[in-house]
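Following: one structure in C-alpha coordinates, then a few remarks.
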Amino acid sequence: GFILCAVSQLPTALAFVGFHAAPKRISTLYATSGSSDDGVIQPHIVILGGGFGGINSALTLPTLPWSDVAQGSGTTSVKPRITLIDKSERFVFLPLLYELCVDDASIDEVAPTFKSLLSGVGTKKISTLSGLPDLSDALQLLSGESNDDDETKEGNCEVSFLQAQVEGIDANNNQVVINRSSGIETLNYDALIIATGAEVSCDAVPGASQFALPFYTVDQCFELKRRLSLIDNYLEEVRASSELEQSTNVAVVGGGYSGVELALNLVDRLGSNDVQVTLVHRGKQVLEYATEHNRNAGMERLKSAGVNVMTSTSVAEVSSWDDGAHNDNMSETLRKQLCTVKLTATNESIEDEGEPETTQLATTLLLWTAGSTPTSIRNAGIRNSVLPRDAMGRILTSPTLNVANYPNVFAIGDCSRPKKVPYPGTAQVAMQMATVASWNIYATLSKKYSSREQDSLKLLPFSYLNLGEMMTLGTNDATISTLGGIELSGPAASWLRRLVYAVRMPTPGQGLFAAVDGSSRKLARGALRNARRKSKPVDWK
Ligand SMILES: Cc1cc2nc3c(=O)[nH]c(=O)nc-3n(C[C@H](O)[C@H](O)[C@H](O)COP(=O)(O)OP(=O)(O)OC[C@H]3O[C@@H](n4cnc5c(N)ncnc54)[C@H](O)[C@@H]3O)c2cc1C
(Lines give C-alpha, C1' and ligand atoms only; values in the text may rest on other atoms or scores of the structure.)
Protein backbone atom coordinates (compact mmCIF):
# COMPACT_ATOMS: atom_id res chain seq x y z
CA GLY A 1 0.00 0.00 0.00
CA PHE A 2 2.78 2.41 0.93
CA ILE A 3 4.70 1.67 -2.30
CA LEU A 4 1.60 2.14 -4.44
CA CYS A 5 0.88 5.39 -2.70
CA ALA A 6 4.48 6.62 -3.16
CA VAL A 7 4.49 5.65 -6.87
CA SER A 8 1.17 7.35 -7.51
CA GLN A 9 2.49 10.57 -5.97
CA LEU A 10 5.75 10.60 -7.94
CA PRO A 11 4.43 12.55 -10.96
CA THR A 12 3.19 15.29 -8.65
CA ALA A 13 6.51 15.45 -6.87
CA LEU A 14 8.43 15.58 -10.18
CA ALA A 15 6.16 18.25 -11.57
CA PHE A 16 6.97 20.55 -8.70
CA VAL A 17 10.69 20.00 -8.29
CA GLY A 18 11.59 21.27 -11.71
CA PHE A 19 9.60 19.46 -14.39
CA HIS A 20 6.61 21.65 -15.01
CA ALA A 21 4.46 18.94 -16.51
CA ALA A 22 0.88 18.76 -15.27
CA PRO A 23 0.74 16.56 -12.18
CA LYS A 24 -1.16 13.32 -12.13
CA ARG A 25 -4.34 14.10 -10.27
CA ILE A 26 -4.25 12.49 -6.87
CA SER A 27 -7.58 13.82 -5.83
CA THR A 28 -9.07 17.04 -7.07
CA LEU A 29 -11.23 19.33 -5.02
CA TYR A 30 -13.67 21.65 -6.77
CA ALA A 31 -14.06 22.09 -10.48
CA THR A 32 -13.53 25.65 -11.70
CA SER A 33 -16.43 28.01 -12.51
CA GLY A 34 -19.05 25.68 -11.18
CA SER A 35 -22.63 26.77 -11.55
CA SER A 36 -25.31 25.89 -9.08
CA ASP A 37 -28.78 24.54 -9.97
CA ASP A 38 -30.30 28.02 -10.14
CA GLY A 39 -27.79 29.13 -12.81
CA VAL A 40 -25.60 31.17 -10.48
CA ILE A 41 -21.96 31.29 -11.63
CA GLN A 42 -19.56 30.14 -8.91
CA PRO A 43 -15.92 30.96 -9.72
CA HIS A 44 -13.43 29.50 -7.29
CA ILE A 45 -10.97 31.98 -5.74
CA VAL A 46 -8.08 30.40 -3.85
CA ILE A 47 -5.93 32.36 -1.40
CA LEU A 48 -2.59 30.84 -0.39
CA GLY A 49 -1.46 31.97 3.06
CA GLY A 50 -3.67 33.52 5.72
CA GLY A 51 -1.37 36.22 7.10
CA PHE A 52 -2.05 39.94 6.82
CA GLY A 53 -2.43 39.79 3.04
CA GLY A 54 -4.40 36.54 2.88
CA ILE A 55 -6.93 37.03 5.67
CA ASN A 56 -7.69 40.58 4.57
CA SER A 57 -8.28 39.35 1.01
CA ALA A 58 -10.65 36.66 2.33
CA LEU A 59 -12.54 39.31 4.28
CA THR A 60 -12.58 41.92 1.49
CA LEU A 61 -13.65 39.73 -1.45
CA PRO A 62 -17.14 39.00 -0.06
CA THR A 63 -17.79 42.72 0.42
CA LEU A 64 -17.61 43.39 -3.34
CA PRO A 65 -20.85 43.66 -5.37
CA TRP A 66 -20.57 40.25 -7.04
CA SER A 67 -24.19 39.85 -7.98
CA ASP A 68 -24.20 42.86 -10.32
CA VAL A 69 -22.54 41.22 -13.32
CA ALA A 70 -24.28 42.05 -16.60
CA GLN A 71 -25.30 39.25 -18.97
CA GLY A 72 -27.34 39.99 -22.09
CA SER A 73 -30.00 42.52 -21.26
CA GLY A 74 -30.16 41.59 -17.56
CA THR A 75 -27.78 40.63 -14.79
CA THR A 76 -26.59 37.25 -13.60
CA SER A 77 -25.57 36.35 -10.09
CA VAL A 78 -21.95 35.51 -9.50
CA LYS A 79 -21.32 33.98 -6.09
CA PRO A 80 -17.66 33.05 -5.78
CA ARG A 81 -16.44 30.26 -3.56
CA ILE A 82 -13.40 31.50 -1.67
CA THR A 83 -10.95 29.04 -0.14
CA LEU A 84 -8.28 30.34 2.22
CA ILE A 85 -5.42 27.88 2.74
CA ASP A 86 -2.84 28.06 5.50
CA LYS A 87 -0.56 25.47 7.06
CA SER A 88 -1.54 26.72 10.50
CA GLU A 89 -5.03 26.87 11.98
CA ARG A 90 -4.35 30.38 13.32
CA PHE A 91 -3.83 33.81 11.82
CA VAL A 92 -0.90 35.52 13.57
CA PHE A 93 -0.84 39.23 14.35
CA LEU A 94 2.98 39.27 14.22
CA PRO A 95 3.53 42.77 15.71
CA LEU A 96 2.17 41.40 19.02
CA LEU A 97 4.47 38.37 19.11
CA TYR A 98 6.69 40.11 21.70
CA GLU A 99 3.72 40.58 24.01
CA LEU A 100 2.80 36.91 23.61
CA CYS A 101 6.34 35.96 24.54
CA VAL A 102 6.39 38.00 27.77
CA ASP A 103 2.80 37.10 28.76
CA ASP A 104 1.43 40.57 28.00
CA ALA A 105 -1.05 39.11 25.51
CA SER A 106 -2.99 35.88 25.19
CA ILE A 107 -2.80 33.43 22.30
CA ASP A 108 -6.42 34.23 21.40
CA GLU A 109 -5.60 37.92 21.10
CA VAL A 110 -2.44 37.47 19.03
CA ALA A 111 -3.39 34.39 17.05
CA PRO A 112 -7.14 33.83 16.65
CA THR A 113 -8.21 30.76 14.70
CA PHE A 114 -9.22 31.20 11.06
CA LYS A 115 -12.45 29.48 11.95
CA SER A 116 -13.37 32.20 14.43
CA LEU A 117 -12.33 35.02 12.07
CA LEU A 118 -14.23 33.63 9.11
CA SER A 119 -17.29 32.54 11.02
CA GLY A 120 -20.30 33.94 9.17
CA VAL A 121 -18.19 35.78 6.57
CA GLY A 122 -19.81 35.75 3.15
CA THR A 123 -23.05 34.42 4.55
CA LYS A 124 -24.08 37.59 6.33
CA LYS A 125 -23.40 41.28 6.00
CA ILE A 126 -19.82 41.89 7.04
CA SER A 127 -19.56 44.31 9.88
CA THR A 128 -16.09 45.46 8.70
CA LEU A 129 -17.92 47.55 6.14
CA SER A 130 -20.07 49.32 8.67
CA GLY A 131 -17.00 49.98 10.79
CA LEU A 132 -18.95 48.90 13.88
CA PRO A 133 -17.69 46.15 16.15
CA ASP A 134 -19.40 42.80 15.82
CA LEU A 135 -20.38 42.54 19.47
CA SER A 136 -21.72 39.01 19.32
CA ASP A 137 -18.38 37.66 18.03
CA ALA A 138 -16.41 39.57 20.65
CA LEU A 139 -18.67 38.53 23.51
CA GLN A 140 -18.42 34.94 22.36
CA LEU A 141 -14.62 35.12 22.43
CA LEU A 142 -14.54 36.85 25.80
CA SER A 143 -16.84 34.25 27.30
CA GLY A 144 -14.62 31.51 25.85
CA GLU A 145 -17.44 30.03 23.76
CA SER A 146 -16.66 29.07 20.20
CA ASN A 147 -19.10 29.28 17.36
CA ASP A 148 -19.38 25.78 15.99
CA ASP A 149 -22.57 26.57 14.18
CA ASP A 150 -21.68 26.01 10.53
CA GLU A 151 -25.19 26.70 9.30
CA THR A 152 -25.03 28.39 5.90
CA LYS A 153 -27.21 31.44 5.48
CA GLU A 154 -28.11 33.15 2.23
CA GLY A 155 -25.28 35.51 1.25
CA ASN A 156 -22.81 36.83 -1.26
CA CYS A 157 -20.01 34.26 -1.24
CA GLU A 158 -19.00 30.98 0.31
CA VAL A 159 -15.80 31.38 2.33
CA SER A 160 -14.04 28.35 3.72
CA PHE A 161 -10.73 27.62 5.38
CA LEU A 162 -8.52 24.66 4.58
CA GLN A 163 -5.57 23.78 6.79
CA ALA A 164 -2.88 22.46 4.45
CA GLN A 165 0.71 22.98 3.38
CA VAL A 166 0.91 24.45 -0.12
CA GLU A 167 3.39 22.33 -2.09
CA GLY A 168 3.19 23.88 -5.53
CA ILE A 169 1.44 26.08 -8.03
CA ASP A 170 0.75 24.83 -11.54
CA ALA A 171 -0.22 28.17 -13.05
CA ASN A 172 -0.50 26.72 -16.58
CA ASN A 173 -3.30 24.42 -15.45
CA ASN A 174 -4.90 26.72 -12.84
CA GLN A 175 -4.14 24.29 -10.04
CA VAL A 176 -2.40 24.29 -6.69
CA VAL A 177 -1.05 21.21 -4.99
CA ILE A 178 -1.62 20.97 -1.27
CA ASN A 179 -0.61 18.54 1.41
CA ARG A 180 -3.26 17.81 4.01
CA SER A 181 -3.22 15.30 6.79
CA SER A 182 -5.21 13.05 4.45
CA GLY A 183 -2.57 13.24 1.67
CA ILE A 184 -1.66 15.23 -1.43
CA GLU A 185 -4.52 16.92 -3.28
CA THR A 186 -4.88 19.28 -6.21
CA LEU A 187 -7.21 22.21 -6.13
CA ASN A 188 -8.52 24.02 -9.22
CA TYR A 189 -8.95 27.76 -9.21
CA ASP A 190 -10.37 30.50 -11.40
CA ALA A 191 -8.36 33.18 -9.62
CA LEU A 192 -5.43 32.89 -7.22
CA ILE A 193 -3.91 35.17 -4.59
CA ILE A 194 -0.46 34.15 -3.35
CA ALA A 195 0.26 35.58 0.11
CA THR A 196 2.65 33.10 1.70
CA GLY A 197 4.81 35.75 3.41
CA ALA A 198 8.44 35.45 4.46
CA GLU A 199 10.49 33.72 7.11
CA VAL A 200 13.77 34.39 8.87
CA SER A 201 16.71 32.57 7.39
CA CYS A 202 20.09 32.12 9.05
CA ASP A 203 21.30 29.33 6.76
CA ALA A 204 24.09 31.45 5.26
CA VAL A 205 26.07 31.55 8.53
CA PRO A 206 27.84 28.28 9.42
CA GLY A 207 26.38 26.73 12.56
CA ALA A 208 23.66 29.35 12.98
CA SER A 209 20.69 27.17 12.06
CA GLN A 210 21.75 24.62 14.70
CA PHE A 211 21.92 27.09 17.58
CA ALA A 212 19.99 30.22 16.68
CA LEU A 213 16.28 30.49 17.32
CA PRO A 214 14.51 32.68 14.74
CA PHE A 215 11.65 34.83 16.00
CA TYR A 216 8.93 34.82 13.35
CA THR A 217 6.22 32.31 14.23
CA VAL A 218 4.01 31.38 17.17
CA ASP A 219 5.89 28.07 17.54
CA GLN A 220 9.21 29.91 17.73
CA CYS A 221 7.67 32.32 20.23
CA PHE A 222 6.57 29.43 22.47
CA GLU A 223 9.99 27.81 22.13
CA LEU A 224 11.52 31.11 23.29
CA LYS A 225 9.12 31.21 26.25
CA ARG A 226 10.22 27.70 27.18
CA ARG A 227 13.90 28.62 27.01
CA LEU A 228 13.32 31.78 29.06
CA SER A 229 11.73 29.76 31.84
CA LEU A 230 14.71 27.36 31.73
CA ILE A 231 17.00 30.38 32.14
CA ASP A 232 14.81 31.53 35.09
CA ASN A 233 15.24 28.13 36.75
CA TYR A 234 18.96 28.10 36.11
CA LEU A 235 19.43 31.62 37.53
CA GLU A 236 17.33 30.78 40.58
CA GLU A 237 19.49 27.76 41.35
CA VAL A 238 22.83 29.48 40.85
CA ARG A 239 21.70 32.49 42.88
CA ALA A 240 20.60 30.19 45.70
CA SER A 241 23.96 28.44 45.71
CA SER A 242 25.86 31.75 45.21
CA GLU A 243 27.63 30.21 42.23
CA LEU A 244 26.89 32.94 39.73
CA GLU A 245 30.24 34.39 38.74
CA GLN A 246 29.42 36.01 35.45
CA SER A 247 26.24 37.19 33.80
CA THR A 248 24.28 35.03 31.40
CA ASN A 249 24.55 36.27 27.83
CA VAL A 250 21.59 36.53 25.51
CA ALA A 251 22.37 37.70 21.96
CA VAL A 252 19.90 39.05 19.43
CA VAL A 253 21.11 39.23 15.82
CA GLY A 254 19.64 42.01 13.67
CA GLY A 255 19.21 45.63 14.70
CA GLY A 256 16.09 46.33 12.66
CA TYR A 257 12.65 46.83 14.20
CA SER A 258 12.25 43.20 15.32
CA GLY A 259 15.72 42.91 16.85
CA VAL A 260 15.41 46.11 18.90
CA GLU A 261 11.85 45.32 20.03
CA LEU A 262 12.81 41.78 21.02
CA ALA A 263 15.98 42.84 22.87
CA LEU A 264 14.10 45.42 24.96
CA ASN A 265 11.27 43.04 25.83
CA LEU A 266 13.84 40.44 26.87
CA VAL A 267 15.51 42.91 29.24
CA ASP A 268 12.12 43.58 30.86
CA ARG A 269 11.36 39.88 31.02
CA LEU A 270 14.70 38.63 32.38
CA GLY A 271 15.85 41.68 34.34
CA SER A 272 19.27 43.19 33.81
CA ASN A 273 20.97 42.07 37.03
CA ASP A 274 22.29 38.69 36.00
CA VAL A 275 21.56 38.74 32.29
CA GLN A 276 23.39 40.75 29.63
CA VAL A 277 21.46 41.25 26.40
CA THR A 278 23.65 42.00 23.36
CA LEU A 279 22.27 43.29 20.07
CA VAL A 280 24.44 42.52 17.03
CA HIS A 281 23.85 44.59 13.91
CA ARG A 282 25.86 44.64 10.69
CA GLY A 283 24.85 48.20 9.71
CA LYS A 284 26.34 51.42 11.05
CA GLN A 285 23.35 52.17 13.23
CA VAL A 286 20.34 50.27 14.49
CA LEU A 287 16.85 51.05 13.17
CA GLU A 288 18.28 52.43 9.92
CA TYR A 289 14.89 52.52 8.21
CA ALA A 290 12.88 53.87 11.14
CA THR A 291 11.75 57.49 11.42
CA GLU A 292 14.21 59.76 13.18
CA HIS A 293 11.90 60.06 16.20
CA ASN A 294 11.53 56.29 16.57
CA ARG A 295 15.22 55.63 15.97
CA ASN A 296 16.25 58.13 18.64
CA ALA A 297 13.68 56.80 21.11
CA GLY A 298 14.83 53.24 20.40
CA MET A 299 18.52 54.05 20.82
CA GLU A 300 17.93 55.94 24.07
CA ARG A 301 15.91 53.07 25.48
CA LEU A 302 18.56 50.51 24.47
CA LYS A 303 21.11 52.59 26.36
CA SER A 304 19.00 53.04 29.50
CA ALA A 305 18.07 49.34 29.51
CA GLY A 306 21.76 48.40 29.45
CA VAL A 307 21.65 46.52 26.13
CA ASN A 308 25.13 46.01 24.71
CA VAL A 309 24.73 47.30 21.14
CA MET A 310 27.37 46.11 18.64
CA THR A 311 26.96 47.89 15.30
CA SER A 312 29.06 47.33 12.14
CA THR A 313 29.41 43.75 13.33
CA SER A 314 28.34 40.56 11.64
CA VAL A 315 28.14 36.95 12.74
CA ALA A 316 30.77 34.86 10.95
CA GLU A 317 30.18 31.50 12.60
CA VAL A 318 28.37 29.85 15.48
CA SER A 319 29.77 26.80 17.26
CA SER A 320 29.12 24.76 20.38
CA TRP A 321 30.23 26.08 23.75
CA ASP A 322 29.73 23.43 26.37
CA ASP A 323 32.92 23.46 28.40
CA GLY A 324 31.27 21.97 31.47
CA ALA A 325 31.91 25.13 33.49
CA HIS A 326 28.89 26.51 35.42
CA ASN A 327 26.68 23.92 33.73
CA ASP A 328 25.81 21.73 36.69
CA ASN A 329 22.62 23.65 37.39
CA MET A 330 21.69 23.86 33.76
CA SER A 331 19.05 21.73 32.11
CA GLU A 332 20.10 19.45 29.26
CA THR A 333 18.05 21.53 26.77
CA LEU A 334 19.72 24.78 27.77
CA ARG A 335 23.18 23.21 27.75
CA LYS A 336 22.69 22.03 24.18
CA GLN A 337 21.99 25.62 23.13
CA LEU A 338 25.17 27.08 24.63
CA CYS A 339 27.16 28.51 21.77
CA THR A 340 30.08 30.69 20.86
CA VAL A 341 29.23 33.40 18.37
CA LYS A 342 32.20 34.51 16.28
CA LEU A 343 31.75 38.18 15.44
CA THR A 344 33.67 40.15 12.83
CA ALA A 345 33.75 43.87 12.21
CA THR A 346 32.07 44.64 8.90
CA ASN A 347 34.20 46.34 6.23
CA GLU A 348 32.59 49.71 6.84
CA SER A 349 34.14 49.88 10.29
CA ILE A 350 37.68 49.00 9.17
CA GLU A 351 39.75 51.95 8.15
CA ASP A 352 42.91 50.08 7.18
CA GLU A 353 43.10 47.14 4.82
CA GLY A 354 44.05 44.64 7.54
CA GLU A 355 42.22 41.55 8.75
CA PRO A 356 38.79 42.32 10.22
CA GLU A 357 38.71 42.40 14.00
CA THR A 358 37.18 39.26 15.49
CA THR A 359 35.56 38.71 18.89
CA GLN A 360 33.83 35.74 20.50
CA LEU A 361 30.62 35.92 22.47
CA ALA A 362 29.62 32.95 24.60
CA THR A 363 25.83 32.91 24.75
CA THR A 364 23.16 30.93 26.52
CA LEU A 365 20.47 32.04 24.11
CA LEU A 366 20.98 33.18 20.51
CA LEU A 367 18.02 34.78 18.74
CA TRP A 368 17.90 35.61 15.04
CA THR A 369 15.80 38.36 13.49
CA ALA A 370 18.00 39.31 10.52
CA GLY A 371 17.59 38.34 6.88
CA SER A 372 14.08 37.30 5.94
CA THR A 373 13.36 35.46 2.70
CA PRO A 374 10.01 34.72 1.08
CA THR A 375 8.65 31.45 2.42
CA SER A 376 8.36 30.24 -1.14
CA ILE A 377 12.10 30.17 -1.83
CA ARG A 378 12.61 27.59 0.89
CA ASN A 379 9.67 25.52 -0.21
CA ALA A 380 10.71 23.40 -3.19
CA GLY A 381 7.21 23.11 -4.57
CA ILE A 382 6.33 26.77 -4.68
CA ARG A 383 9.83 27.76 -5.78
CA ASN A 384 9.69 25.55 -8.83
CA SER A 385 6.47 26.87 -10.19
CA VAL A 386 6.72 28.80 -13.46
CA LEU A 387 6.03 32.19 -11.89
CA PRO A 388 8.71 34.89 -12.45
CA ARG A 389 10.79 35.73 -9.37
CA ASP A 390 13.59 38.08 -8.31
CA ALA A 391 16.92 36.87 -6.88
CA MET A 392 15.39 36.82 -3.38
CA GLY A 393 12.54 34.56 -4.52
CA ARG A 394 9.84 37.25 -4.44
CA ILE A 395 7.19 36.86 -7.13
CA LEU A 396 7.41 39.66 -9.70
CA THR A 397 4.14 41.39 -10.46
CA SER A 398 2.87 44.36 -12.44
CA PRO A 399 1.71 47.47 -10.52
CA THR A 400 -1.77 45.88 -10.47
CA LEU A 401 -0.20 43.01 -8.45
CA ASN A 402 -0.83 40.67 -11.33
CA VAL A 403 1.77 38.03 -12.30
CA ALA A 404 2.99 38.41 -15.91
CA ASN A 405 1.27 36.05 -18.40
CA TYR A 406 -1.21 34.84 -15.77
CA PRO A 407 -4.07 37.38 -15.64
CA ASN A 408 -5.89 35.41 -12.93
CA VAL A 409 -2.88 35.12 -10.57
CA PHE A 410 -1.97 37.85 -8.06
CA ALA A 411 0.85 37.99 -5.49
CA ILE A 412 0.78 40.25 -2.42
CA GLY A 413 2.65 41.00 0.79
CA ASP A 414 6.15 39.90 1.72
CA CYS A 415 6.35 37.24 -1.02
CA SER A 416 5.72 39.72 -3.84
CA ARG A 417 7.59 42.49 -5.61
CA PRO A 418 5.55 44.84 -7.80
CA LYS A 419 8.27 47.39 -8.54
CA LYS A 420 12.00 47.84 -8.89
CA VAL A 421 12.54 49.16 -5.38
CA PRO A 422 10.65 46.67 -3.19
CA TYR A 423 8.07 47.91 -0.71
CA PRO A 424 9.00 47.42 2.95
CA GLY A 425 8.03 44.02 4.32
CA THR A 426 5.30 45.26 6.62
CA ALA A 427 1.77 44.35 7.62
CA GLN A 428 0.57 47.73 6.35
CA VAL A 429 1.81 47.02 2.83
CA ALA A 430 0.29 43.51 2.83
CA MET A 431 -3.10 44.79 4.04
CA GLN A 432 -3.24 47.59 1.48
CA MET A 433 -2.24 45.16 -1.27
CA ALA A 434 -5.04 42.80 -0.18
CA THR A 435 -7.64 45.47 -0.91
CA VAL A 436 -6.23 46.22 -4.38
CA ALA A 437 -5.77 42.53 -5.30
CA SER A 438 -9.34 41.75 -4.17
CA TRP A 439 -10.76 44.51 -6.34
CA ASN A 440 -8.63 43.43 -9.30
CA ILE A 441 -9.85 39.84 -8.98
CA TYR A 442 -13.42 41.11 -8.81
CA ALA A 443 -12.82 43.21 -11.95
CA THR A 444 -11.07 40.34 -13.79
CA LEU A 445 -13.76 37.75 -13.04
CA SER A 446 -16.65 40.15 -13.55
CA LYS A 447 -15.28 41.09 -16.97
CA LYS A 448 -14.86 37.40 -17.80
CA TYR A 449 -18.51 36.59 -17.08
CA SER A 450 -20.04 39.85 -18.21
CA SER A 451 -21.28 40.24 -21.77
CA ARG A 452 -20.93 44.02 -21.61
CA GLU A 453 -17.88 46.29 -21.48
CA GLN A 454 -17.94 48.14 -18.17
CA ASP A 455 -15.63 51.07 -17.61
CA SER A 456 -15.92 50.67 -13.85
CA LEU A 457 -14.21 47.26 -14.06
CA LYS A 458 -10.69 48.63 -14.48
CA LEU A 459 -7.74 47.06 -12.73
CA LEU A 460 -6.28 49.37 -10.09
CA PRO A 461 -2.54 49.95 -9.67
CA PHE A 462 -1.18 49.53 -6.14
CA SER A 463 0.07 52.65 -4.46
CA TYR A 464 1.32 52.53 -0.90
CA LEU A 465 0.23 55.03 1.72
CA ASN A 466 2.59 54.95 4.70
CA LEU A 467 0.40 55.59 7.73
CA GLY A 468 3.34 55.67 10.14
CA GLU A 469 5.12 53.19 12.37
CA MET A 470 4.91 51.95 15.94
CA MET A 471 7.43 50.00 17.99
CA THR A 472 7.35 48.39 21.40
CA LEU A 473 10.32 49.41 23.55
CA GLY A 474 9.49 47.08 26.43
CA THR A 475 6.44 46.15 28.44
CA ASN A 476 5.48 49.73 29.33
CA ASP A 477 7.20 51.76 26.63
CA ALA A 478 6.71 52.32 22.92
CA THR A 479 7.36 54.89 20.24
CA ILE A 480 5.04 56.09 17.50
CA SER A 481 5.41 58.32 14.42
CA THR A 482 2.30 58.74 12.32
CA LEU A 483 1.36 60.21 8.99
CA GLY A 484 0.69 63.88 9.72
CA GLY A 485 3.67 64.21 12.04
CA ILE A 486 2.29 63.00 15.39
CA GLU A 487 5.16 61.65 17.51
CA LEU A 488 4.82 60.02 20.89
CA SER A 489 6.97 57.87 23.18
CA GLY A 490 6.67 56.34 26.65
CA PRO A 491 3.82 54.59 28.53
CA ALA A 492 1.09 56.59 26.72
CA ALA A 493 2.50 55.40 23.39
CA SER A 494 2.52 51.84 24.73
CA TRP A 495 -1.22 52.08 25.47
CA LEU A 496 -1.99 53.76 22.17
CA ARG A 497 -0.05 51.12 20.23
CA ARG A 498 -2.16 48.34 21.77
CA LEU A 499 -5.38 50.20 20.99
CA VAL A 500 -4.34 50.91 17.39
CA TYR A 501 -3.50 47.22 16.95
CA ALA A 502 -6.92 46.32 18.31
CA VAL A 503 -8.46 48.48 15.59
CA ARG A 504 -6.20 46.86 12.98
CA MET A 505 -7.33 43.33 13.87
CA PRO A 506 -8.89 41.54 10.88
CA THR A 507 -12.45 41.71 12.23
CA PRO A 508 -14.14 44.21 14.57
CA GLY A 509 -15.14 41.34 16.88
CA GLN A 510 -11.51 40.29 17.23
CA GLY A 511 -10.57 43.98 17.67
CA LEU A 512 -12.93 44.41 20.59
CA PHE A 513 -11.67 41.21 22.17
CA ALA A 514 -8.05 42.42 21.73
CA ALA A 515 -8.86 45.83 23.23
CA VAL A 516 -10.50 44.31 26.33
CA ASP A 517 -8.01 41.46 26.80
CA GLY A 518 -4.95 43.64 26.07
CA SER A 519 -6.09 46.50 28.32
CA SER A 520 -6.91 44.22 31.25
CA ARG A 521 -3.46 42.61 31.03
CA LYS A 522 -1.78 46.00 30.85
CA LEU A 523 -3.82 47.28 33.81
CA ALA A 524 -2.95 44.20 35.86
CA ARG A 525 0.74 44.58 35.07
CA GLY A 526 0.61 48.32 35.88
CA ALA A 527 -1.03 47.59 39.25
CA LEU A 528 1.70 45.07 40.01
CA ARG A 529 4.39 47.60 39.10
CA ASN A 530 2.80 50.24 41.37
CA ALA A 531 2.44 47.79 44.24
CA ARG A 532 6.13 46.87 43.93
CA ARG A 533 7.12 50.54 43.85
CA LYS A 534 5.02 51.45 46.93
CA SER A 535 5.81 48.43 49.06
CA LYS A 536 8.52 49.03 51.65
CA PRO A 537 11.24 46.41 51.98
CA VAL A 538 10.16 43.89 54.62
CA ASP A 539 12.40 43.58 57.62
CA TRP A 540 12.29 39.82 58.11
CA LYS A 541 14.07 40.05 61.46
C1 LIG B 1 8.01 39.68 15.21
C2 LIG B 1 7.50 40.52 14.08
C3 LIG B 1 7.01 41.80 14.32
C4 LIG B 1 6.52 42.58 13.28
N5 LIG B 1 6.04 43.83 13.56
C6 LIG B 1 5.51 44.57 12.57
C7 LIG B 1 4.94 45.86 12.86
O8 LIG B 1 4.97 46.32 14.00
N9 LIG B 1 4.37 46.54 11.84
C10 LIG B 1 4.34 46.05 10.56
O11 LIG B 1 3.77 46.71 9.67
N12 LIG B 1 4.89 44.86 10.25
C13 LIG B 1 5.47 44.11 11.22
N14 LIG B 1 6.04 42.90 10.93
C15 LIG B 1 6.08 42.45 9.54
C16 LIG B 1 4.72 41.94 9.11
O17 LIG B 1 4.17 41.10 10.10
C18 LIG B 1 4.81 41.23 7.78
O19 LIG B 1 5.34 42.12 6.83
C20 LIG B 1 3.42 40.77 7.34
O21 LIG B 1 2.99 39.74 8.21
C22 LIG B 1 3.43 40.29 5.90
O23 LIG B 1 2.16 39.80 5.58
P24 LIG B 1 1.99 38.59 4.54
O25 LIG B 1 0.54 38.38 4.37
O26 LIG B 1 2.81 38.87 3.34
O27 LIG B 1 2.67 37.35 5.25
P28 LIG B 1 2.41 36.70 6.67
O29 LIG B 1 1.61 37.59 7.54
O30 LIG B 1 3.74 36.27 7.17
O31 LIG B 1 1.52 35.43 6.34
C32 LIG B 1 1.96 34.37 5.56
C33 LIG B 1 1.05 33.18 5.84
O34 LIG B 1 1.30 32.17 4.88
C35 LIG B 1 1.33 30.92 5.52
N36 LIG B 1 2.18 30.05 4.70
C37 LIG B 1 3.46 30.26 4.32
N38 LIG B 1 3.89 29.26 3.54
C39 LIG B 1 2.87 28.40 3.42
C40 LIG B 1 2.70 27.16 2.74
N41 LIG B 1 3.67 26.63 2.00
N42 LIG B 1 1.51 26.53 2.86
C43 LIG B 1 0.50 27.06 3.60
N44 LIG B 1 0.60 28.22 4.26
C45 LIG B 1 1.77 28.89 4.16
C46 LIG B 1 1.90 31.20 6.90
O47 LIG B 1 1.49 30.20 7.84
C48 LIG B 1 1.29 32.57 7.21
O49 LIG B 1 0.07 32.45 7.90
C50 LIG B 1 6.54 42.08 11.96
C51 LIG B 1 7.03 40.80 11.70
C52 LIG B 1 7.51 40.02 12.75
C53 LIG B 1 8.04 38.65 12.49
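In order along the range 251-259, the Karplus-derived 3J(HN,Hα) couplings, from 6.51 cos²θ - 1.76 cosθ + 1.60 at θ = phi - 60°, round to 10, 10, 9, x, x, x, 3, 4, x Hz, and Gly and Pro are given as x.
Building the convex hull from the alpha-carbon atoms of the range 410-470 and averaging its projection over directions returns 4.8 nm².
Ellipsoid semi-axes for the range 394-541, based on the Cα gyration tensor and the rule √(5λ), read 46, 17, 13 Å when sorted largest first. Across the protein chains, with a 1.4 Å probe defining accessible surface, the residues Tyr234, Tyr464 rank Tyr464, Tyr234 from largest area downward.
The Rg/Rh ratio for the range 232-291 is 1.11, where Rg is the radius of gyration of the alpha carbons and Rh is the Kirkwood radius.
With contacts taken as Cα pairs under 8 Å and at least 6 residues apart, the range 202-370 reaches a relative contact order of 30 percent.
Which pairs, out of Lys284/Lys342; Lys225/Lys284; Lys115/Lys225; Lys225/Lys522, put more than 23 Å between their alpha-carbon atoms?
Lys225/Lys284; Lys115/Lys225
Could you compute how much accessible surface Lys448 exposes when probed at 1.4 Å, giving the result in Å² to the nearest 10? Accessible area, nearest 10 Å²: 120 Å². For the range 259-343, dividing the convex hull volume of the Cα atoms by the residue count gives 107 Å³ per residue. The alpha carbon convex hull volume per residue for the range 202-370 rounds to 123 Å³.
The values are calculated or read from the model by the stated rules, or taken from the named source; none is laboratory data. These numbers come from a predicted model, not from an experiment. Accessible surface is based on the protein model in full, side chains and every heavy atom, while ligands, DNA and RNA are left aside. Shrake-Rupley method; radii C 1.70, N 1.55, O 1.52, S 1.80 Å.
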